[in-house]
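The values are calculated or read from the model by the stated rules, or taken from the named source; none is laboratory data. Since the model is a prediction, treat every value here as computed from it, not as a measurement. We place every Cβ from the backbone using ideal geometry, glycine too, and count neighbours over all the protein chains shown.
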Amino acid sequence: MSQNKSVNRLFLVVVVIYIGVSFGFSLLSANIPVLAELPIYCSLLLSQALVFVPCFLYCRGKNIKIRELIPYRRISFITIILVVICTYLMYPLIVVLNAVSMLFSNSGTASVSELMQSQNFILNTLFMALLPACVEEFMFRGVLFQTYKKSKMLPAILLSGFLFGCMHMNLNQFIYAFALGVYLAFLVEATGSVFSSMLAHFTLNFTSVLMTFFLPKLYDTLGISQSEAMQQIEPGGYAATMENAQLAGFLIGILFWGVIALGATCAAVGMYIAICKINGRWGYVKKMFQGGTKERLFSIPLVLGIAIIFAFMGFSVYLEWIAVS
């Protein structure tokens with residue numbers, strides 16, 4: 001069996017286990033009070049374990065050394081600074097994509113925001129910023145991307161990013177996570193190290209943690225109750241809950257941020273080129289789309305895994321719209 005088919009089977013296994021265990025845990029929590037009272041960090045740790053353990057066992061079962069799938073080249077201090085700057089330059093694009101997705105669904109944004117409210121800042125940083133950055137990069141920019149790119153680089157970048165978006169299991173996060181996954185794969189190739197994508201991933205997650213920590217304080221300063229602010233995050237997305245005038249204003253806001261995102265993304269491209277040159281990989285990056293093999297990246301297990309996720313996301317969106325109508 002080819003390596004692509006093997007990792008596609010792995011993806012299907014992760015999807016089935018992730019959805020199955022998550023659903024089973026929810027049912028048990030509804031019937032067993034002790035489970036329902038567990039700290040939220042237990043479920044966060046479980047969700048990451050459901051991703052990490054199958055990938056780790058896959059490597060052990062295939063006798064693959066972790067170092068073969070995790071390019072852990074050390075990155076310099078200046079690279080660290082440039083990666084952080086480049087990531088923040090990509091942030092407006094993520095905001096725009098997130099806003100567009102919220103026209104149809106915002107369950108991901110709402111659920112994450114609710115999870116992070118009233119929790120410990122340090123624990124939020126560890127379980128919502130650091131742990132996902134390490135585990136998810138191990139799977140998507142490590143096991144999956146490093147395998148796919150042996151066949152052809154550009155399809156590998158796009159597919160690994162697409163699967164990264166899929167694994168967020170909701171439409172709201174899927175769209176911007178797809179774009180983020182593509183950026184992170186490019187970043188790995190620019191530095192030759194997964195540490196750079198882990199850093200960028202952590203930077204974005206940590207920014208969300210900071211915003212969730214400081215926003216309630218900002219609401220208090222402005223005299224706005226948190227419940228009033230959270231009324232904007234309702235099931236079904238803004239398109240289903242806003243009046244026409246509000247929706248028009250929201251669309252204008254997307255257009256405004258779109259202009260900012262265009263400029264910031266262009267600046268990020270320039271920063272990316274600088275990262276490549278500093279790491280001596282600009283020549284490699286310019287040629288990395290050449291060559292490759294004719295081995296297919298897609299197989300039945302991968303298509304099945306994607307279909308399961310989209311069915312799950314579609315059902316979730318349907319339930320949102322039913323709740324609003």
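Quick check: is even one residue across region 181-198 closer than 21 Å to residue 86 by Cβ, in a helix (DSSP H, G or I), at pLDDT below 95 and among the hydroxyl-bearing types (Ser, Thr, Tyr)? The answer is no; no qualifying residue exists. The helices (runs of 4 or more DSSP H) found entirely in region 77-166 that carry 1 or more residues being modelled with pLDDT of 95 or more and closer than 15 Å to residue 180 by Cα are 77-101, 131-137, 145-148, 153-166. Tell me which residues, restricted to region 249-306, are within 17 Å of residue 153 (Cβ to Cβ) and either among the acidic types (Asp, Glu) or out of contact with any helix residue (DSSP H, G or I) (no Cβ under 8 Å at 6 or more places or on another chain) (or both). Within region 249-306, 283, 286, 287, 290, 291, 293, 294, 295 meet the criteria.
Please go through region 199-230 and give me each residue that is under 17 Å from the mean Cα position of the chain (by Cα) and either modelled with pLDDT under 70 or of a type in the set (Phe, Trp, Tyr) (or both), ordered by number.
Let us first name the residues in region 199-230 that are under 17 Å from the mean Cα position of the chain (by Cα), namely 199-209.
Hits for region 199-230 are 202, 206.
Within region 62-71, can one find any residue that is in a helix (DSSP H, G or I) and within 20 Å of residue 206 (Cα to Cα)? No, region 62-71 contains no residue that is in a helix (DSSP H, G or I) and within 20 Å of residue 206 (Cα to Cα).
In region 291-304, the residues that are assigned to a loop (DSSP other than H, G, I, E, B) and modelled with pLDDT of 90 or more reach residues that are charged (D, E, K, R) and surrounded by 13 or more Cβ atoms within 10 Å (Cβ to Cβ) with C-beta atoms within less than 7 angstrom, at least six apart or across chains, in these pairs: 299/5. Summed over region 48-103, the residues that are surrounded by 20 or more Cβ atoms within 10 Å (Cβ to Cβ) and among the acidic types (Asp, Glu) give a count of 0.
Restricting the search to region 50-101, which residues are aliphatic (A, V, I, L, M) and more than 29 Å from residue 271 (Cα to Cα)? Those that are aliphatic (A, V, I, L, M) and more than 29 Å from residue 271 (Cα to Cα): 50, 51, 53, 57, 64, 66.
Out of curiosity, is residue 164 aromatic (Phe, Trp, Tyr) and either free of Cβ contacts under 8 Å to residues at least 12 places away in the same chain or surrounded by 24 or more Cβ atoms within 10 Å (Cβ to Cβ) (or both)? Quick ask: steps written out before the conclusion?
Working: aromatic (Phe, Trp, Tyr): yes; either free of Cβ contacts under 8 Å to residues at least 12 places away in the same chain or surrounded by 24 or more Cβ atoms within 10 Å (Cβ to Cβ) (or both): yes.
For residue 164, the condition - aromatic (Phe, Trp, Tyr) and either free of Cβ contacts under 8 Å to residues at least 12 places away in the same chain or surrounded by 24 or more Cβ atoms within 10 Å (Cβ to Cβ) (or both) - is met.
Residue count for region 18-50, restricted to those that are β-branched (Val, Ile, Thr) and closer than 20 Å to residue 133 by Cβ: 1. Filtering region 138-161 to residues that are surrounded by fewer than 22 Cβ atoms within 10 Å (Cβ to Cβ) and either in contact with a Ser or Thr (Cβ under 6 Å, 6 or more places away or on another chain) or of a type in the set (Asp, Glu) (or both) leaves only 151.
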